[in-house]
1. With θ taken as phi - 60° and the coefficients 6.51, -1.76 and 1.60, list the Karplus ³J(HN,Hα) couplings across segment 113-130 in order, rounded to whole Hz; mark glycine and proline as x.
2. Once every Cα of segment 373-520 carries one equal point scatterer and solvent is ignored, give the base-10 log of I(q)/I(0) from the Debye formula at q = 0.09, 0.16, 0.18, 0.20 Å⁻¹, two decimals.
3. Going by the alpha-carbon gyration tensor, a ≥ b ≥ c the square roots of its eigenvalues, is segment 248-322 rounded (a/c under 1.5) or, if a/c is not under 1.5, prolate (a/b greater than b/c) versus oblate?
4. To one decimal place, what orientation-averaged projected area in nm² is obtained for the convex hull of the Cα set of the chain?
5. Lysines near Lys336 by alpha-carbon distance under 21 Å, same-chain residues fewer than 8 away left out - which ones?
6. Compute for segment 262-396: radius of gyration divided by Kirkwood radius, i.e. Rg/Rh, restricted to C-alpha atoms, rounded to two decimals.
7. If one computes P(r) from the Cα atoms of segment 83-158, what percent of pairs lie at distances over 17 Å?
8. Using only the Cα atoms of segment 51-179, what are the Rg and Dmax in Å?
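None of the figures in this text is laboratory data; all of them are computed from the coordinates on show. These numbers come from a predicted model, not from an experiment. Glycine also receives a Cβ, built like all others from the backbone with ideal geometry; neighbour counts cover every protein chain displayed.
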Amino acid sequence: MRVLGAARRPPLLLSGLRAPPPLRRASLRPAGPQLLSTPIFYANGPPHIGHLYSVLLADALHRHRQLRGRGGRLATGTDEHGLKIQMAAAAAGTSPERFCERMSAEFRGLFRQAGISYTDFIRTTEPRHRRAVGHFWAALHDRGWLYRAPYEGWYCTAEESFVAASQVVERPDAQGRRQMVSLESGHQVHWTQEENYVFRLSAFREPLLRRLREGRLAVTPARPFGQQVQQWLQQDLPDLSVSRDRNRLGWGIPVPGDGTQTVYVWVDALVNYLTVAGYPDAHQEWWPGACHVVGKDILKFHAVYWPALLMAAGLEPPEQILVHSHWTVQGQKMSKSRGNVVGPAACFQRYSVDGFRYFLLRQGVPERDCDYYDGKVVKLLNSELADALGGLLNRCTAPGLNPGGTYPGFSEECFPRDGRGPGRASAEDYQLVASVQALPLQVEGFFEGFQIYKALEAIADCVRRTNGFVQRHAPWKLQREDPAQRPWQETVLHVALECLRVYGTLLQPVVPATAAKLLSRLGVGPTERSLRSLDFLPRYRGETCPFEGRPLGADTGLLFPRLEKPTEGGHGAPRGLNRGCSK
Ligand code: MSP
């Protein structure tokens, strides 16, 4: 893509090209409330599991921060302008307004069903957003960062962006007709030539690179995504067309003061984060310092264009961009034409909401694409939620072992602190206690480092070891009636329930309903479920345990029922392919 006839550019509103204005150092607020966002979803079709994954990652992080008492907001919404929405509405034989209303409601419905704890839902067709875009555009214009020029290049409607000529190849379609496609996405591109407003993006290459190197704009995970952004910034960074001819694109926000042009959908969409923060009115409570969760396909828009646009408008770039990879199905990208799109509703029905939330967050690795197939879900959920976690709870609360149905007592003689004295606990038991003690902090590190799958792996590992602990000491073989054996039997159960209390508390951001059931069964009240009040095994330190002797919850039902193996015809495992993402 290129700007044509630069020599014929009209003069700048302000004198000449300026270096980006000096900015205040981004305030690092690691523990304060933060505006966390998901991408806003194109309202051109119903949601699939890839969209769900994007929003789940943000939801789990937000919920974890709430548990820590950090507060903050979680914003999501729908991206409703642009050519592809205009075309999808036309294909459905309806108006873009009605089409978007319906699609946006589908996304909201899915998020409600999935238990997404969003605090804000924004639609780009709302008046508050139109006003924010108008102000933002005026700031860019008045500060001299826009000019009008003929612009031409390959335009990809599916991605709503120009694609560099080096990234375009000729590839015949299914009928053998000539067509040009984007190398990266495989979507068709069309040669487009028109006069647009252009943003002086090129002036921001150096300042952005500096920010990135100094860590003031954090792209996580740094490998491969931070590196990828650095690479983009080391290459040529051409100016960016930021409007479209209104005759071609009528479904969008008109350029303020110029009815012949429509604001480029990506500028329109990115400003949603500011709209949510309250811009152009008081927004300082939530901006700067935002954190955006995005898929790898939209990284350039968030880590290059968006920070540059913000700097140009005199605003701070986001503090952090958390990037994730994609879900494929049988090794292939999900697409309507391949007929391999996996819809969340069917998955929730098959695996329950919590089961599917657990699967996506446990198996999704931000650094790598992950392959989906039904058998993998069943195997994981049966082994980790039904057998390991559910089985542990079941065994340790069984009426045969605990006829009184109360939280068992702990004996310091049996499990003396730091192994002092004879006791009955083994070195492995002490290691388990140390691991569970360290788990909440470890999990917090993984959540904040956007490695939620690792947090779940660490929890699953501790659950496995707790089962080992119970198995090792076989409390069912100890005689309750024997005064020499009973304290040890109770202590084994007490330690196991204390471990379960930690797992239940830590799992709340991922499987809220299952964790609530587990905690209720343990007799943990609603005000005792935060991370702040999580005090593991105080009796081991010689302190009192508020749960000891308390009645257990009444619900003795299965924590997570085992699932049947999938039948033929579902999304089966690919033959001969590496099953899932390689860890
Ligand atoms: N509307 C833009 C975002 C604008 S944000 C200012 C957009 N929308 S989208 O609906 O196409 O994608 C929304 C999110 O879903 C992106 O983060 C994208 O990466 C994610 N996913 C879409 N398909 C996906 C998979 N197959 N797997 C995982 N995530 C995927 O882009």
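1. Working through the residues one at a time gives 4, 7, x, 6, 8, 5, 9, 9, 10, 10, 10, 6, 8, 6, x, 4, 6, 4 Hz.
2. -0.30, -0.90, -1.09, -1.28
3. On the way: a/c = 2.18, a/b = 1.37, b/c = 1.59.
Note, shape of segment 248-322 comes out oblate.
4. Numbers: hull surface 119.7 nm².
The orientation-averaged projected area of the Cα hull of the chain comes to 29.9 nm².
5. List returned: Lys84, Lys296.
6. Details: Rg = 19.9 Å, Rh = 18.0 Å.
Reported Rg/Rh, Kirkwood definition of Rh: 1.11.
7. Details: 1915 of 2850 pairs.
Tail of P(r) above 17 Å: 67 percent of Cα pairs.
8. Taking only Cα atoms of segment 51-179, I get Rg and Dmax of 19.5, 59 Å.
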